[in-house]
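The numbers here are math on the coordinates, done by the rules we state, and not lab data. Please read these numbers as outputs of a predicted model, since none were measured by experiment. Cβ: placed from backbone, ideal geometry, glycine included. Neighbour counts: every protein chain shown.
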Amino acid sequence: MARPQSGIIPTPFQYNRVQVFELYDLPMTSMTVGQFSVMIPGLGHQLAQAHPGEQLRVTVGFGFMFWTLAWHGLSPRQLQPFETLESGDREITEGEGDLWVSYTSTDRNLINKLVNKVNNNLGTLVRVVEDRELLWDTPPERDPVFPESIWIPGEEAEFERGTFLLQMEVEHPLLYTKSLLPSLNSMLKQQELTDQVLIRRMELNEGAKKGSHLQVFHQNSGKLDTLLEDWMDEDQQNLMWGDDGVRSARATRIFIPSLDVLTGLRQGGIRMNRFSQTRQWKD
């Protein structure tokens, strides 16, 4: 069985950082950026091994156009870009991003070291759309239960144990947090999707921008988008839009391939190790 990337399950460590990049001249640079991007989790593993007692997990994901161009249209069936959803004066706008990198660690310094290496190597090939430090302050559960069906189904053998991520930034007063997640979880229950969606929330608190950074891992993009449309339409008791509730929402969909696809170890799948291993990357 294929192995998922290590940053999806289990829960994050205390220190977290997310970077989202947009490629300049995507048709020309996709292969070069792709060559380096598939190496990032391995670089994180090497860095953690050099610091006994600390842990670092790195996950990479790809936007629709980046994946399609770099890997010649070989895509999971449910890979589709997120498009703006509207309901009256409520909307979830489409965000930007071709490459998504998530870092979680017991040591903030390890994250910073790897981020510097990533930035140095991607250099002028990309524009930084987002670079956020996020705090996971939720106490770990003794026996956490994770939805088993967030993974791409096994009949798509090349993409087994991959998943889709909808990264959502929801601006709202910090006190509104207690209403946001229950309203989403209630909608998941109504539509019988609790076993197909994993929502992870971290606090967004940067100057005037406050609210929730949501990572929504899911198996079926169409079903999730329908759920979000219904979530906006429904007048739930604790769900408010406007100055006292959800002020704005923005989302970007990312494909997170399995570790086997990422490293090219899966025979008969997408062989990412066809990229040259002789290129010298910057330390």
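Ranked highest first by average number of other Cβ atoms within 10 Å, how do 249-258, 113-122 line up?
Highest-to-lowest ranking by the protection proxy: 249-258, 113-122.
To the nearest 10 degrees, how steeply does helix 221-233 sit against the main Cα axis of the chain, on a 0 to 90 scale?
On a 0 to 90 degree scale, this one is about 30.
For region 87-94, take each phi angle, set θ = phi - 60°, evaluate the Karplus expression 6.51 cos²θ - 1.76 cosθ + 1.60, and give the result in whole Hz per residue in order, putting x for glycine and proline.
Values per residue, Gly and Pro as x: 8, x, 8, 9, 7, 10, 7, 6 Hz.
In terms of modelled amide H atoms, which long-range or inter-chain residues lie less than 5 Å from the amide H of Leu193?
none
Take a quick pass over the chain and tell me how many lysine pairs come in under 16 angstrom between Cα atoms, counting only ones 8 or more apart or on separate chains.
Working: Lys113/Lys282; Lys117/Lys282; Lys178/Lys210; Lys189/Lys223.
Lysine pair count for the chain: 4.
Tilt of helix 108-122 relative to the longest C-alpha principal axis of the chain, in degrees (0 to 90, nearest 10)?
70
Which value at 222 nm does the chain reach when only helices count, each DSSP H run of 4 or more adding -39,500 (n - 2.57), with the total divided by all residues and rounded to the nearest 500 deg cm²/dmol?
That comes out to -8000 deg cm²/dmol.
Using θ = phi - 60° and the Karplus relation 6.51 cos²θ - 1.76 cosθ + 1.60, list the HN-Hα couplings for region 127-132 in order, rounded to whole Hz, with x at every Gly or Pro.
Values, residue by residue: 10, 7, 7, 8, 8, 10 Hz.
Sort Arg17, Arg127 so that the residue with the fewest other Cβ atoms within 10 Å of its own Cβ comes first and the one with the most comes last.
By the 10 Å Cβ count, ascending: Arg127, Arg17.
Non-local amide H neighbours of Glu130 (under 5 Å, H modeled in plane, Pro and chain starts lacking H): which ones?
Val20
Around Gln80, which amide H atoms from residues at least 5 apart in sequence, or from another chain, sit under 5 Å from its own amide H, with H modelled in the peptide plane?
none
Translational diffusion coefficient of region 54-177 at 10 °C, 1.306 mPa s, Stokes-Einstein with Kirkwood Rh over Cα pairs, in µm²/s as a whole number.
89
If I fit a long axis through the Cα atoms of helix 177-190 and take the longest principal axis of the Cα atoms of the chain, what angle between them do I get, 0 to 90°, rounded to 10?
Result, in degrees: 90.
Pop out the ³J(HN,Hα) list for region 39-49 in order, Karplus 6.51 cos²θ - 1.76 cosθ + 1.60 with θ = phi - 60°, rounded to Hz; leave Gly and Pro as x.
These are the phi-based 3J(HN,Hα) values: 8, 4, x, x, 5, x, 5, 4, 5, 5, 4 Hz.
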